[in-house]
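To start, the structure under review is shown below, and the notes come after it.
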Amino acid sequence: MMKISKKNGFSLIGIIVATFIALVGLVAILTLANISLIGATTSKNKLIASGLAQEGIEIVRDIRASHANWVDWEWYSTTAPLIHPIGTFEEYCIDYDDIVLVNCAVADPPLRLDFAGLLGTYQYGAGDDTIFYRKVTLTRKGLNEVKVEVEVGWATKGQTHTLIVEDRLWNWK
């Protein structure tokens with residue numbers, strides 16, 4: 001008769017403990033990978049949003065500069081009655097190639113990404129809907145001062161994010 005030694009092989013408890021330790025390590029690695037992916041996506045969206053906000057301010061500057069005499073711009077007008085009295089504000093949805101300010105027909109319409117050219121452009125006309133919206137608010141602060149506020153928002157995985165950029169335009173000519 002052969003004697004069986006308890007020292008040979010693995011015990012069931014040893015296998016369970018080893019499996020548990022391996023699973024804990026695997027879950028930690030997968031959690032870290034998921035957090036890294038979420039961080040990369042969040043950073044990418046913040047970068048796009050900051051570009052869209054800066055573009056909004058530059059569009060308003062270009063529209064103002066397109067007037068031969070800045071005093072002709074309706075937001076600087078001093079002719080009574082004032083088109084935009086001090087303290088009033090209006091919200092606009094503007095595209096990168098706009099030459100006039102356009103009031104939003106819908107609250108926070110999504111920007112669309114159009115790949116018609118070599119580079120994709122964010123706009124309201126053509127393309128596929130994105131997660132971003134852009135709202136430009138002009139506020140008359142004085143006879144020679146207009147506050148430009150650009151709000152870019154987006155939602156991912158049930159969370160809403162907003163980036164607001166502000167600038168002041170002065171009638172210094």
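What follows draws every value from the coordinates through simple rules; no lab data is involved. All of these numbers come straight from a predicted model, not from anything done at the bench. Because the Cβ atoms are built from the backbone with ideal geometry, glycine has one as well, and the counts that use them run over all protein chains shown.
Filter the chymotrypsin sites (Phe, Trp or Tyr not before Pro) in the range 104-173 down to the DSSP loop ones having no more than 12 other Cβ atoms within 10 Å, then list what survives.
Details: sites: 115, 122, 124, 132, 133, 154, 170, 172; in loops: 115, 124, 172.
Filter output for the range 104-173: 115, 172.
Tell me the Kirkwood radius of the range 90-173: reciprocal of the mean inverse pair distance over distinct alpha-carbon atoms, in Å. Please list the in-between numbers first.
Values: mean 1/r = 0.0704 Å⁻¹.
Result for the range 90-173, one decimal place: 14.2 Å.
Tell me, how many Å apart are the Cα centres for the range 23-76 and for the range 135-156?
The range 23-76 and the range 135-156 have Cα centres separated by 15 Å.
For the chain, what number of Lys pairs, 8 or more residues apart or on separate chains, have alpha-carbon atoms under 21 Å from each other? Don't skip to the answer; put the middle values down first.
Values: 44/135; 44/157; 46/135; 46/157; 135/147; 141/173; 147/173.
Going through the chain pair by pair, I get 7.
With a cut-off of 8 Å between alpha carbons and a minimum separation of six or more residues, what is the relative contact order of the range 13-170 in percent?
Numbers: 237 pairs, mean separation 32.4, N = 158.
Answer for the range 13-170 is 20 percent.
At 25 °C and 0.890 mPa s, what whole-number value in µm²/s does Stokes-Einstein give for the translational diffusion of the range 78-124, with Rh from the Kirkwood sum over Cα pairs?
186
For the range 13-170, how big is Rg over Rh, using alpha carbon atoms and the Kirkwood form of Rh?
On the way: Rg = 22.9 Å, Rh = 18.5 Å.
Reported Rg/Rh, Kirkwood definition of Rh: 1.24.
How much of the calculated P(r) for the range 60-139 lies past 21 Å, in percent of all Cα pairs? Write down the numbers at each step before the final one.
Details: 1226 of 3160 pairs.
Result for the distance tail: 39 percent.
Please find the FRET efficiency linking residue 107 to residue 23, where r is the Cβ-Cβ separation and R0 is fixed at 45 Å, and quote it to the nearest 0.05. Don't jump to the answer; show the numbers that get you there.
Details: r = 48 Å, r/R0 = 1.07.
Computed FRET efficiency for residue 107 and residue 23: 0.40.
Suppose only helical runs count, i.e. DSSP H with n ≥ 4. What mean residue ellipticity at 222 nm does that imply for the chain under -39500 (n - 2.57) per run, divided by all residues and rounded to the nearest 500 deg cm²/dmol? It would help to have the intermediate numbers written out before the result.
On the way: 1 runs with 54 residues, N = 173.
Theoretical 222 nm ellipticity from helices: -11500 deg cm²/dmol.
Under a GNM of the chain (C-alpha, springs under 10 Å), which listed residue has the highest mean-square fluctuation: 56, 14, 158?
14
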